[in-house]
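*Asks:* Have a look at this one before I ask anything.
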Amino acid sequence: MAFKARGVDMAKLGAALTAFALGGDVNIAASTGANAAENNALFLISLVAVAAYTSYVSVQEGGLYEGLQAIGRGDDPLSQAMGDATAKAVEWAGSEFPEETQKAAAVLNAVGEKIASGVQVVMETPTGEQVTAYWNELSEQQQNAIIGGASVVSMVIPASVVSKLQALSDLPPEIELNDWVSNPNAPEWDRVPSESKQLLLAPPAAVGVDIDQDKLILPTFDPGTAQSRINLSKETWDPATSLDSNFKGLDYALDKHGSNSQYGDNKSKFSISDQSVKELLQRSDVVSAPVYNQIGFDGEVVDYKFIRQVDVGQIIGQTPVPAGGTSNTSLITIITNERGDIINVFPGSI
């Protein structure tokens, strides 16, 4: 599924969700949210959806196990997936399973970012435009609006999250499930079997994304080392640039796109630390993502650079949007030479 959330659309969606939870006019709220984004203002949601929040708290304060059992007994796709021996990704329409959507949302809210990471929600703005966002990208108030019954077009839960929900359900009964589950540093995790703990706290699997076929093309030859490794080279020769700036590399990339970058909002920036970026680049699921060659403005294929575009399943940075401001992204673009040496890396896509 393409990740389509952008600054203005997310502001509309956030305002509409909050208006729903508070019983307000979603069209007025959506317009206000859009104007705030277009003016590059900080759109703040300061009110709490009381009824929905009560539902959320009831799950956190001792009802998490019952919530897991409830979404494991129905006829909806998630219930069926949780009953299978092999976990698989599930997607279902909110209109077909409205109550199950609310129950699943309540559980996702209670289990926290680590376990819910990678879940996507497709919502519809009052103008009829569909917006896809990661569950962890939504604010608590927006999540609570969905728990309270805000209309969801569809919900996508990856196989890794299904496995985690199964693992939680299968924990020994003496391990009471409550709010410690959402805190990866809570001492209760010491009681969780090591294999289950490793599964539950693992990051979501990275996946390749649909590429722009006018910009990228699969190599017509065996890319060899360029496909099998990513070298964290501090400096890498880039023959495509002018003579006074031929060296790029990881230091160059993090200076421009790192979380401490001094460049303005016209550059995409990581929200994760430089060390986390380095660890991400060495993950096997990121390295194994397919490499592409770029198509130049003249139509010629640049066959000495290799590009990966990967969705890592969690927010890692922000990218500029045409209307002004920035939008969260889970995408990472990695550019290397034929040896796998880093030329550039940044959040977002080409």
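*Asks:* Mind telling me which of the residues Ile157, Ile230, Ile217, Ile211 ends up being among the aliphatic types (A, V, I, L, M), crowded, with 18+ Cβ neighbours inside 10 Å and out of contact with any Lys or Arg (no Cβ under 9 Å at 6 or more places or on another chain)? It would help to see each step written out before you state the result.
*Replies:* Working: Ile230 fails: out of contact with any Lys or Arg (no Cβ under 9 Å at 6 or more places or on another chain); Ile217 fails: crowded, with 18+ Cβ neighbours inside 10 Å; Ile211 fails: crowded, with 18+ Cβ neighbours inside 10 Å.
Every option except Ile157 fails the conditions.
*Asks:* Still on this structure, I have one more. Could you list, in sequence order, all residues of region 154-179 that are within 14 Å of Ala104 (Cα to Cα) and assigned to a loop (DSSP other than H, G, I, E, B)?
*Replies:* Pro158, the sole residue that qualifies.
*Asks:* A follow-up question, please. So which pairs qualify, if the first residue must be in region 86-99 and under 10 Å from Asp76 (Cα atoms), the second must be part of a helix (DSSP H, G or I) and of a type in the set (Asp, Glu), the Cβ gap must be under 9 Å, and the two must be at least 6 apart or on different chains?
*Replies:* Pairs that qualify, where the first residue is under 10 Å from Asp76 (Cα atoms) and the partner is part of a helix (DSSP H, G or I) and of a type in the set (Asp, Glu), are Trp92/Glu100.
*Asks:* Scan region 180-192 residue by residue and report those that are more than 14 Å from Leu68 (Cβ to Cβ) and not in a loop (DSSP other than H, G, I, E, B).
*Replies:* Narrowing region 180-192 to residues more than 14 Å from Leu68 (Cβ to Cβ): 180, 183-192.
Residues satisfying the conditions are Trp180, Pro187, Glu188, Trp189, Asp190, Arg191.
*Asks:* Just to verify a result, which residue in region 170-185, among those that are over 15 Å from Leu200 (Cα atoms) and exposed (fewer than 12 other Cβ atoms within 10 Å of the Cβ), is modelled with the highest pLDDT?
*Replies:* Top of the filtered list is Glu174.
*Asks:* Then there is this: On the given criteria, is Gln166 farther than 29 Å from Trp92 by Cβ and either at pLDDT below 90 or assigned by TED's automatic domain parsing to the domain that holds Val277 (or both)? So that I can check it myself, show each step before the final result.
*Replies:* Working: farther than 29 Å from Trp92 by Cβ: no; either at pLDDT below 90 or assigned by TED's automatic domain parsing to the domain that holds Val277 (or both): yes.
So Gln166 fails the test.
*Asks:* If you don't mind, another one. Working only within region 248-276, note down all residues that are in contact with a helix residue (DSSP H, G or I) (Cβ under 7 Å, 6 or more places away or on another chain), within 15 Å of Val310 (Cβ to Cβ) and among the hydrophobic types (A, V, I, L, M, F, W, C).
*Replies:* The one that is in contact with a helix residue (DSSP H, G or I) (Cβ under 7 Å, 6 or more places away or on another chain), within 15 Å of Val310 (Cβ to Cβ) and among the hydrophobic types (A, V, I, L, M, F, W, C): Phe270.
Conditions (1) polar (S, T, N, Q); (2) closer than 29 Å to Glu279 by Cβ, marked per residue:
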{"residue": "Lys114", "(1), (2)": "no, yes"}
{"residue": "Glu124", "(1), (2)": "no, no"}
{"residue": "Ala133", "(1), (2)": "no, yes"}
{"residue": "Leu138", "(1), (2)": "no, yes"}
{"residue": "Asn144", "(1), (2)": "yes, no"}
{"residue": "Ile157", "(1), (2)": "no, yes"}
{"residue": "Leu165", "(1), (2)": "no, yes"}
{"residue": "Pro204", "(1), (2)": "no, yes"}
{"residue": "Ile211", "(1), (2)": "no, yes"}
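*Asks:* Still on this structure, I have one more. Restricting the search to region 294-344, which residues are acidic (Asp, Glu) and either in contact (Cβ under 8 Å) with a residue 12 or more places away in the chain or part of a strand (DSSP E or B) (or both)? Please lay out each step first, then the result.
*Replies:* Step one: of region 294-344, the residues acidic (Asp, Glu) are 298, 300, 303, 311, 338, 341.
Of everything in region 294-344, those that are acidic (Asp, Glu) and either in contact (Cβ under 8 Å) with a residue 12 or more places away in the chain or part of a strand (DSSP E or B) (or both) turn out to be Asp303, Asp311, Glu338, Asp341.
*Asks:* Restricting the first residue to region 130-148 and requiring it to be under 13 Å from Leu108 (Cα atoms), which pairs with a second residue that is surrounded by 23 or more Cβ atoms within 10 Å (Cβ to Cβ) and of a type in the set (Lys, Arg) meet a Cβ separation below 8 Å and a spacing of at least six or different chains?
*Replies:* none
*Asks:* Let me ask something else. Looking at Ala205, Ala289 in this structure, which one is out of contact with any helix residue (DSSP H, G or I) (no Cβ under 6 Å at 6 or more places or on another chain), among the small types (Gly, Ala, Ser), closer than 30 Å to Gly112 by Cα and not in a helix (DSSP H, G or I)?
*Replies:* Residue meeting the stated conditions: Ala289.
*Asks:* OK, next. Out of all the residues in region 81-93, which are closer than 22 Å to Pro204 by Cβ and in contact with a strand residue (DSSP E or B) (Cβ under 8 Å, 6 or more places away or on another chain)?
*Replies:* Across region 81-93, the qualifying residues are Ala81, Ala89, Val90, Glu91, Trp92.
*Asks:* Would you check which residues across region 332-350 are within 24 Å of the chain's Cα centre (by Cα), among the hydrophobic types (A, V, I, L, M, F, W, C) and at pLDDT 90 or above and list them?
*Replies:* Selection gives Ile332, Ile334, Ile335, Ile342, Val345, Phe346.
The values are calculated or read from the model by the stated rules, or taken from the named source; none is laboratory data. The shown structure was predicted, so the numbers you read here are calculated from the model rather than taken from an experiment. FYI the Cβ positions are ideal-geometry reconstructions off the backbone, even for glycines, and counts take in every protein chain you see.
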